[in-house]
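This report refers to the structure that appears directly beneath it.
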Amino acid sequence: SQTIHQWPATLVQPVGSPLSLECTVEGTSNPNLYWYRQAAGRGLQLLFYSVGIGQISSEVPQNLSASRPQDRQFILSSKKLLLSDSGFYLCAWSVTRTSGPPGEQFFGPGTRLTVL
Amino acid sequence: SQQGEEDPQALSIQEGENATMNCSYKTSINNLQWYRQNSGRGLVHLILIRSNEREKHSGRLRVTLDTSKKSSSLLITASRAADTASYFCATDEKTSGSRLTFGEGTQLTVNP
């Protein structure tokens, strides 16, 4: 069966420090991968998605970047964190479809990031 | 406003009652999905309804879709305290490729 891992679960970082959040998927090949951010009590904002190794689409201009060095690994990074980067970060995957609309997404447990 | 907006923002009911949440969207879609999120956790997929479907059931869940009104509803029957969570609709616009757009969610509280 497929599983998705995210770590760390909680992170407290000072303003200006770097960030690296990792997401890995097991039990599937060539998944679509997604990074979302969720502010408290709000919906999900799509940050990045990837349909293959080295293929990253950015949804909003921001202080963050993403990379997909391996098929089932998705990394969210920042060189210098801002206060506004605080939030709940969720990684998700979905089955790659050669045609037709996207199906369901499977979410990781999330990382709570607090920037002080 | 965003694609996929739920209302109400918050709903509080007693165990055993039914809970209805609504979602509106703006553009043509392929599918509409509903997800559940327990506090501080990841989202869990509940149900997907295609644009050519009008109603779908899964256990105590009933989802309707009205493409002419660009709206969907999620009904949870005979609610339980364990149904307490946030519920989100998500749409995939016909031009969005692999992306979903999530609404702001409805916070449901079921009181025992």
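The values are calculated or read from the model by the stated rules, or taken from the named source; none is laboratory data. Keep in mind it's a predicted model, so treat the numbers as computed, not measured. When we count neighbours, we look across all protein chains shown, and the Cβ atoms used for this are built from the backbone with ideal geometry, even at glycine. Areas reflect the complete protein model, heavy atoms only, side chains present, ligands, DNA and RNA absent. Shrake-Rupley method; radii C 1.70, N 1.55, O 1.52, S 1.80 Å.
Pop out the carbon and sulfur fraction of the accessible area of chain A as a percent, whole number, probe 1.4 Å.
Details: 2910 of 5480 Å².
Here carbon and sulfur together make up 53 percent of the probe-accessible area.
With +1 on each Lys and Arg Cβ and -1 on each Asp and Glu Cβ, and nothing else charged, work out how big the dipole of the range A:3-115 is about its Cα centre, in Debye to the nearest 20.
On the way: 8 positive and 6 negative charges, 43 e Å.
Using Cβ point charges on Lys, Arg, Asp and Glu, the range A:3-115 gives about 200 debye.
Taking 0.36 nm per intervening residue step and subtracting the Cα-Cα distance, what contour gain separates residue B:80 from residue B:27 on full extension?
The span from residue B:80 to residue B:27 would gain 15.7 nm if fully extended.
Quote the accessible area belonging to residue A:59 in square angstrom, nearest 10, computed with a 1.4 Å probe and with ligands, DNA and RNA left uncounted.
Spelled out: residue A:59, probe radius 1.4 Å, area about 60 Å².
About its Cα centre, how strong a charge dipole does the protein assembly as shown have in debye, to the nearest 20, once Lys and Arg get +1 and Asp and Glu get -1 at the Cβ? Could you put the intermediate results ahead of the total?
Values: 21 positive and 18 negative charges, 53 e Å.
The calculation lands at about 260 debye.
Interface size between chain A and chain B, please: total buried accessible area, 1.4 Å probe, rounded to the nearest 100 Å². Write out the running numbers ahead of the final one.
Values: alone 6290 and 6020 Å², together 10670 Å².
What A and B bury together is about 1600 Å².
Just name one of A:28, A:116, A:53: the one whose Cα is farthest towards the positive end of the charge dipole of chain A (beta-carbon charges, Lys/Arg +1, Asp/Glu -1).
It is A:116, whose Cα lies furthest towards the positive end.
Per residue, how much accessible surface does the protein assembly as shown expose to a 1.4 Å probe? Answer in Å², no decimals. Before the final figure, lay out the partial values.
On the way: 10670 Å² over 228 residues.
Using a 1.4 Å probe on heavy atoms only, each residue of the protein assembly as shown averages 47 Å².
May I ask you to derive the relative contact order of chain B, considering only C-alpha pairs under 8 Å and at least 6 residues apart, and to give it as an integer percent?
Details: 285 pairs, mean separation 42.9, N = 112.
Relative contact order, chain B: 38 percent.
Taking the Cβ of residue B:69 as the center, what net charge do the other residues with Cβ under 12 Å away carry, scoring Lys and Arg +1 and Asp and Glu -1? Write down the numbers at each step before the final one.
Values: positive: B:26, B:54, B:70; negative: B:66.
So the surrounding residues net to +2.
Just to make sure I understand: if all protein chains stay in place, what is the order of A:15, A:51, A:25 by accessible area at 1.4 Å, largest first?
Values: A:15 80, A:51 55, A:25 5 Å².
My answer, sorted largest first, is A:15, A:51, A:25.
Report D for chain A in µm² per second (integer): Stokes-Einstein, Kirkwood Rh on Cα pairs, 10 °C, 1.306 mPa s.
In µm²/s, the coefficient is 111.
When the accessible area of the range B:65-112 is split by element with a 1.4 Å probe, what percent falls to carbon and sulfur?
Numbers: 910 of 1810 Å².
On the range B:65-112, the fraction of accessible area on carbon and sulfur atoms equals 50 percent.
Per residue of A:84-93, what is the mean number of Cβ atoms on other protein chains within 10 angstrom of that residue's Cβ? List each step's numbers first, then the result.
Working: counts 0, 0, 0, 0, 4, 0, 4, 1, 4, 0.
Mean partner-chain Cβ count within 10 Å for A:84-93: 1.
So for the range B:41-106, Kirkwood radius off the Cα pairs, Stokes-Einstein at 25 °C and 0.890 mPa s: how many µm² s⁻¹? Walk me through the intermediate numbers first.
Details: Rh = 13.2 Å.
Estimated via Stokes-Einstein, D reaches 185 µm²/s.
Any idea what Rg and Dmax come out to for the protein assembly as shown if you just take the C-alpha atoms, in Å?
Every Cα atom of the protein assembly as shown included, Rg and Dmax give 17.6, 50 Å.
Protein chains only, probe 1.4 Å: how do B:56, B:69, B:26 rank by accessible area, largest first? Numbers along the way, then the final one.
Details: B:56 65, B:69 150, B:26 115 Å².
These residues rank, largest area first, as B:69, B:26, B:56.
Can you send over the solvent-accessible area of residue B:67, 1.4 Å probe, protein chains only, in Å² to the nearest 10?
Here the accessible area works out near 50 Å².
Could you put B:45, A:5, B:57 in order of accessible surface area, largest first, with the 1.4 Å probe and the full protein assembly present? Kindly include the intermediate steps, with their values, before the conclusion.
Numbers: B:45 40, A:5 70, B:57 120 Å².
Reading off the accessible areas and sorting them downward yields B:57, A:5, B:45.
Across the protein assembly as shown, how many lysine pairs, 8 or more apart or on two chains, come within less than 24 Å at their alpha-carbon atoms?
9
With bins 5 Å wide starting at 0, give me the P(r) of chain B over every alpha carbon pair, in whole percents.
Going from the shortest bin to the longest, the percentages are 2, 13, 24, 25, 19, 10, 4, 1, 0.
Note down the nm distance, to one decimal, between modelled labels 7 Å out along Cα→Cβ at residue B:55 and at residue B:39.
Going by the 7 Å Cα→Cβ label model, 3.5 nm.
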